[in-house]
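Below: one structure, written as structure tokens.
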Amino acid sequence: MIESRCGILCGSCQFKESMGCNGCTAIDKPFWGDQCPVKSCCEGRAHAHCGQCPDFPCEQLHQFAHDPKQGDGGARIVQCGKWQEEAQRGV
């Protein structure tokens, strides 16, 4: 199940309950700002997540995943790759 556009697993996010966030697939804008550039890019290209993009993994996703404050060391990129593989296998 796709939980986010960028590969974050929302079910294990520390902010999900405390901020009342339902994940970017179910909200118009993130709790932390006016917009998320990754969400906007995916939705503008009609992709469910970054793994569907021919530019995956792009520089924007890489910067987001490795941000010193909000990054996860690239785990979200790995997750998008898993979603991409599942879709190719028809899972």
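The values are calculated or read from the model by the stated rules, or taken from the named source; none is laboratory data. All values derive from a computational prediction rather than experimental measurement. Neighbour counts are summed over all protein chains in view; Cβ atoms, including those assigned to glycine, are modelled from backbone coordinates with ideal geometry. For accessibility, only protein heavy atoms count, side chains too; no ligands or nucleic acids. Shrake-Rupley method; radii C 1.70, N 1.55, O 1.52, S 1.80 Å.
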Inset, instruction - Check segment 2-13 and report whether any residue there is farther than 16 Å from GLY71 by Cα and touching a residue at least 24 places away in the same chain (Cβ under 8 Å). - result: yes
Inset, instruction - Evaluate the following for CYS42: is it part of a loop (DSSP other than H, G, I, E, B) and either touching a residue at least 12 places away in the same chain (Cβ under 8 Å) or more than 13 Å from the chain's Cα centre (by Cα) (or both)? - result: no
Legend entry - Which numbered condition ALA48 fails, given (1) part of a helix (DSSP H, G or I); (2) surrounded by 10 or more Cβ atoms within 10 Å (Cβ to Cβ): (1)
Legend entry - Residue in segment 4-16 that is of a type in the set (S, T, N, Q), within 20 Å of GLY74 (Cα to Cα) and open to solvent by 80 Å² or more (accessible area, probe 1.4 Å) present: yes
Legend entry - Single unsatisfied condition, GLN88 versus (1) outside any loop (DSSP other than H, G, I, E, B); (2) touching a Gly at 6+ places or on another chain (Cβ under 9 Å): (2)
Legend entry - Residue count, segment 26-45 (criterion: open to solvent by less than 60 Å² (accessible area, probe 1.4 Å) and either polar (S, T, N, Q) or in contact with a strand residue (DSSP E or B) (Cβ under 6 Å, 6 or more places away or on another chain) (or both)): 1
Inset, instruction - Please state which of the following conditions PHE64 fails to meet, knowing it meets all the rest: (1) at positive phi; (2) in a helix (DSSP H, G or I). - result: (1)
Legend entry - LYS69 vs. criteria out of contact with any Asp or Glu (no Cβ under 7 Å at 6 or more places or on another chain), assigned to a helix (DSSP H, G or I) and among the charged types (D, E, K, R): no
Legend entry - Candidate set: segment 17-53, residues that are charged (D, E, K, R) and farther than 18 Å from GLU3 by Cβ; chosen: the one modelled with the lowest pLDDT: ASP34
Inset, instruction - Select from segment 54-86 the residues that are more than 16 Å from CYS13 (Cβ to Cβ), of a type in the set (S, T, N, Q) and open to solvent by less than 90 Å² (accessible area, probe 1.4 Å) and write down the one among them that is modelled with the highest pLDDT. - result: GLN60
Inset, instruction - Show the residue pairs that are 6+ apart or on different chains and have beta-carbon atoms under 9 Å apart, the first residue being within segment 70-91 and more than 13 Å from GLU3 (Cα to Cα), the second being open to solvent by 50 Å² or more (accessible area, probe 1.4 Å) and polar (S, T, N, Q). - result: GLY71/GLN63; GLN84/GLN52; ALA87/GLN52
